[in-house]
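Undergrad: Pasting a structure below so you can have a look.
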Amino acid sequence: MYQFVIYTLYITIIGLFAVCVFTLTKWGGMVHTYLFFYCVSNLVYNIGYINLLHTKDLTTYVNALKLGYFGRLWVGLSMALFIAELCGKAYPAIIKAAVGIFNMIVYFFILNLESTRLYYKTMEFKMVGDFPTLPHSGGPIYYVYTSLNLIYAILCIVLIVQAYFREKNATAKKRDLMLLLSIIALVSTYVIYFFKLLEIARIFDIMIVGYAVCTAFMLIAIVRYKMLDTTTAAKNYVVDELSEGIIVVDNEEKVRYYNKPAQKLFPQLYENEKSEEAIQKLLNDFNSSIASGEPVRMSGRIYTPRANPLTDEDMRIGTLYSLSDDTEHYRYMDELREQKQIADSANEAKSQFLANMSHEIRTPINAVLGFNEMISRECEKVKDEKIEKSPTVSESLENISTFSANIEGAGNNLLSIINDILDLSKIEAGKMELVEGEYSLASLLRDVNGMITFRASEKELEFITDVDDTLPDKLYGDMVRVRQVITNILTNAVKYTDSGNVKLIVRAEKDSDIKAGNILNLTVTVTDTGIGIRPEDMKKLFGSFERLELKRNSTIEGTGLGLSISHQLVSMMGGNITVNSEYGSGSTFVITIPQKISSAEPVGNFNINTGNTDNQKKPYRVSFSATDAVILVVDDSIVNLRVAKALLRDTGLIIDTADSGNKALELTLKKKYDLILMDQRMPNMDGTEAMNSIRSQQDGLNIDTPVICMTADAIIGSKEKYINSGFDDYLSKPVKSAELEQTLIKYLPDEKIEKS
Ligand code: ADP
């Protein structure tokens, strides 16, 4: 018997050693770690026990017992941890730590077995046959420790039974059964050991047999049912190490699996294992978050849930929910959104400021140019008077004419700067839109020609034009913008050339098929013999507010916006601008703009230089008189009202004025007007509101009176905006007297007009 026990112990030790090596070679996660821990402690326990069986007195027995306990103390705990891990559960770290500390305390009492008497209250050494024994009565620590081991075993049984019922896979079920058997064997031995139910339990520590049987069953589970299949273990390990939380539910929405991150995120998964309500709520939250696209926010973090169907041979067996922690991503997006909002509102503020500034500057310029026009008219009137004038008076009159022309030039220059700034801000805000329509290339080139011939002649430059006469005349595109770009490049050529010539060549790109509906790549080449551009300045050329060689060009007016705007406009139209320049000799700008051909009819023998190049200001002549017609001018600025009255003085019109929308409403109730000129931006009631109110006045006398919007809101597109909102026509401030008179002729009753 004695020998049999010794041999059995040796076999157990070899078996445990084999499992230790096995787990070490196939290590794949916590489950292997706990199994290794279990086998090592069991190994130490067995070695200690063999040692003990060779003792012959109390002292050597107790020493061997101390060695054995060094392993035995940890066997129950490591087994409990191993089984829990295997069943996909984990004990809270604090409990693990508490039990570990308790074990160490127990070991302290075992080391002082003889002096403290708290583990064994009494003990005596006795030989029963060949077996050395130590009959004892347990102390309090002994009972706590033994009960704890029993609790471990019961917990293991509960976990295995749960796993068995949860598991669907048949092999896994068998594995669980085998594990259950191993633990039941252990518990039975415990009971026998504790209550000394068998005689042998009095002479022999049968716990060692219990653990040996338990280990044997575990080995069967490991080998036969691939309990520690490395792939599965590795998969489990990988799934647990994922940053994503994973929860698997079956078709009845019962949770079948969750990985560690999911367990951390949702304690309700294991705390409320039985509370289907809590789990159902969780799944509902996931589903509604997936449906709405809104992430789940929990404990300061943001998760994106996804649901993937799980199928087995085309049969739906459940759903896999995965939750990725996208907090950083969302934070980054929030930050970006915030930054964008700040940038947008700054941009919005800038655009608003520019629009206001443009409006506010246009209003005084309206007065400056309007009264300047009056000065010029008065001057011309006196010049025309057939009376004798002294040389000083004649000279003064000439000077006044020149000064007035200068004021007009400077005023118009200021306007074009404001227009450039507005254009740039619109482009930057992405609000620039092309207004496309059919236009005549010939008339566009004639306009440009008129302007540039005049400027070139002022600087005594030759302006040469060469337009391919086979080019189609009717094109479809944004005429205003095409003209703006060509004018800008030509104006620069004249500005930056002191002598020689400026040449404009207009062609279609080679091999163009000129047919209605086709796209024509219009190529406009502008060559000058000017100052040229340094190679190192080339890349700065199209930047906003970039002016090159400031010292050299300090006397030349400019903002550095023209090329930037032109470049961006051409890009918007799908074309490009290229530059070739030799510093000191001149530059060549080539603009290519794709435009749709509306009709293939050619511009013909189009000699651009025969166009109207007479840009000299003609003396003012009133274009009509209408002494019977009555008009109302509405503007909150008294100066603007005066300007309008002054500009129309020579027409003989009867002009009433109103400085607010309300005043206008009062007047329109009392008097029938032939026409109303309405400012848009006024306090309290703006022009559009006033117009609408006049048109809906009960018993109103002016329901059908034409209302013309006269505003400093002069951005491109404004005309369409105001006409669409109900005005009959639109005039931009500063208003030009010729344009104003033409509009009045169009809308005043014919019988009241006498054209001159
Ligand atoms: P600006 O209002 O200053 O003319 P632009 O944007 O039109 O602004 O031009 C930017 C700069 O490019 C000018 O200041 C000038 O230095 C240079 N530039 C433009 N066109 C020419 C040219 N034809 N010859 C020489 N330099 C030019």
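Undergrad: Please determine whether any residue of the range 88-96 is open to solvent by 50 Å² or more (accessible area, probe 1.4 Å), at pLDDT 85 or above, farther than 16 Å from Tyr145 by Cα and touching a Ser or Thr at 6+ places or on another chain (Cβ under 9 Å).
TA: For the range 88-96, residues open to solvent by 50 Å² or more (accessible area, probe 1.4 Å), at pLDDT 85 or above, farther than 16 Å from Tyr145 by Cα and touching a Ser or Thr at 6+ places or on another chain (Cβ under 9 Å): absent.
Undergrad: Let me ask you something else. Answer with yes or no whether Val99 is open to solvent by 20 Å² or more (accessible area, probe 1.4 Å), over 50 Å from the mean Cα position of the chain (by Cα) and either touching a residue at least 40 places away in the same chain (Cβ under 8 Å) or more than 20 Å from Thr133 (Cβ to Cβ) (or both).
TA: Criteria met by Val99.
Undergrad: Would you check which residues across the range 292-335 are acidic (Asp, Glu) and free of Cβ contacts under 8 Å to residues at least 60 places away in the same chain and list them?
TA: Listed by number, the residues that qualify are Glu294, Asp312, Glu313, Asp314, Asp326, Glu328, Asp334, Glu335.
Undergrad: Looking at the range 245-260, can you tell me whether even one residue there is part of a helix (DSSP H, G or I), at pLDDT 75 or above and more than 30 Å from Val128 (Cβ to Cβ)?
TA: Yes - at least one qualifying residue is present in the range 245-260.
Undergrad: Going through the range 441-464 one residue at a time, which ones are open to solvent by 30 Å² or more (accessible area, probe 1.4 Å) and among the polar types (S, T, N, Q)?
TA: Answer for the range 441-464, where residues must be open to solvent by 30 Å² or more (accessible area, probe 1.4 Å) and among the polar types (S, T, N, Q): Ser443, Thr453, Ser457.
Undergrad: Collect the residues in the range 537-554 that are farther than 17 Å from Val590 by Cα and more than 9 Å from the ligand (Cβ to nearest atom), keeping them in residue-number order.
TA: Within the range 537-554, Lys551, Ser554 meet the criteria.
Undergrad: Does Phe109 qualify as being modelled with pLDDT under 90, open to solvent by 10 Å² or more (accessible area, probe 1.4 Å) and out of contact with any Pro (no Cβ under 7 Å at 6 or more places or on another chain)?
TA: So Phe109 does not fit the description; no.
Undergrad: Could you check the range 505-536 and list, in sequence order, the residues that are within 16 Å of the ligand (Cβ to nearest atom), among the hydrophobic types (A, V, I, L, M, F, W, C) and in contact (Cβ under 8 Å) with a residue 60 or more places away in the chain?
TA: Selection gives Val524, Val526.
Undergrad: When the range 557-571 is examined, which residues are found to be in contact with a helix residue (DSSP H, G or I) (Cβ under 8 Å, 6 or more places away or on another chain) and either open to solvent by 30 Å² or more (accessible area, probe 1.4 Å) or more than 11 Å from the ligand (Cβ to nearest atom) (or both)?
TA: Of everything in the range 557-571, those that are in contact with a helix residue (DSSP H, G or I) (Cβ under 8 Å, 6 or more places away or on another chain) and either open to solvent by 30 Å² or more (accessible area, probe 1.4 Å) or more than 11 Å from the ligand (Cβ to nearest atom) (or both) turn out to be Glu557, Gly558, Thr559, Gln568, Leu569, Val570.
Undergrad: Residues Ala262, Ala291: which one is under 33 Å from the mean Cα position of the chain (by Cα) and more than 19 Å from Leu242 (Cα to Cα)?
TA: Being under 33 Å from the mean Cα position of the chain (by Cα) and more than 19 Å from Leu242 (Cα to Cα) holds for just one of Ala262, Ala291, which is Ala291.
Undergrad: Could you run through the range 664-690 and say how many residues are in a loop (DSSP other than H, G, I, E, B) and of a type in the set (Asp, Glu)?
TA: 3
Undergrad: Please go through the range 143-177 and give me each residue that is open to solvent by less than 40 Å² (accessible area, probe 1.4 Å) and aromatic (Phe, Trp, Tyr), ordered by number.
TA: Tyr145, Tyr152
Undergrad: Something else now. Can you confirm whether the range 486-496 contains a residue that is in a loop (DSSP other than H, G, I, E, B), at pLDDT 90 or above and on the phi < 0 side of the Ramachandran plot?
TA: The answer is yes; a qualifying residue exists.
Undergrad: Pairs, please: C-beta under 6 Å, at least 6 apart or cross-chain, first residue without any contact (Cβ under 8 Å) to a residue 24 or more places away in the chain and in the range 579-592, second more than 7 Å from the ligand (Cβ to nearest atom)?
TA: Partner pairs satisfying both residue conditions: Asn580/Thr588.
Undergrad: Quick one: which residue in Val639, Val633 is at pLDDT 75 or above, part of a strand (DSSP E or B) and β-branched (Val, Ile, Thr)?
TA: Val633
Undergrad: In the range 197-237, what residues are in a loop (DSSP other than H, G, I, E, B), open to solvent by less than 50 Å² (accessible area, probe 1.4 Å) and modelled with pLDDT of 70 or more?
TA: Scanning the range 197-237 gives Phe204, Asp205, Ile206.
Undergrad: Taking Ala658 as the residue in question, decide whether it is at pLDDT 95 or above, more than 49 Å from the chain's Cα centre (by Cα) and of a type in the set (Gly, Ala, Ser).
TA: The answer is yes for Ala658.
Undergrad: If you scan the range 121-142, which residues turn out to be surrounded by 14 or more Cβ atoms within 10 Å (Cβ to Cβ) and over 20 Å from Asn51 (Cα atoms)?
TA: Gly138, Gly139, Ile141, Tyr142
Undergrad: Among (1) modelled with pLDDT under 95; (2) surrounded by fewer than 18 Cβ atoms within 10 Å (Cβ to Cβ), which single condition is Met710 missing?
TA: It is condition (2) that Met710 fails.
Undergrad: Among Asn605, Asn576, which is open to solvent by 30 Å² or more (accessible area, probe 1.4 Å), away from the ligand (no atom under 11 Å from the Cβ), closer than 30 Å to Thr470 by Cβ and modelled with pLDDT under 90?
TA: Criteria check complete, one pass: Asn605.
The values are calculated or read from the model by the stated rules, or taken from the named source; none is laboratory data. The structure presented is a predicted model; accordingly, all values stated were derived computationally and were not measured. Cβ: placed from backbone, ideal geometry, glycine included. Neighbour counts: every protein chain shown. All accessible areas refer to the heavy atoms of the entire protein, side chains included, with ligands and DNA or RNA removed. Shrake-Rupley method; radii C 1.70, N 1.55, O 1.52, S 1.80 Å.
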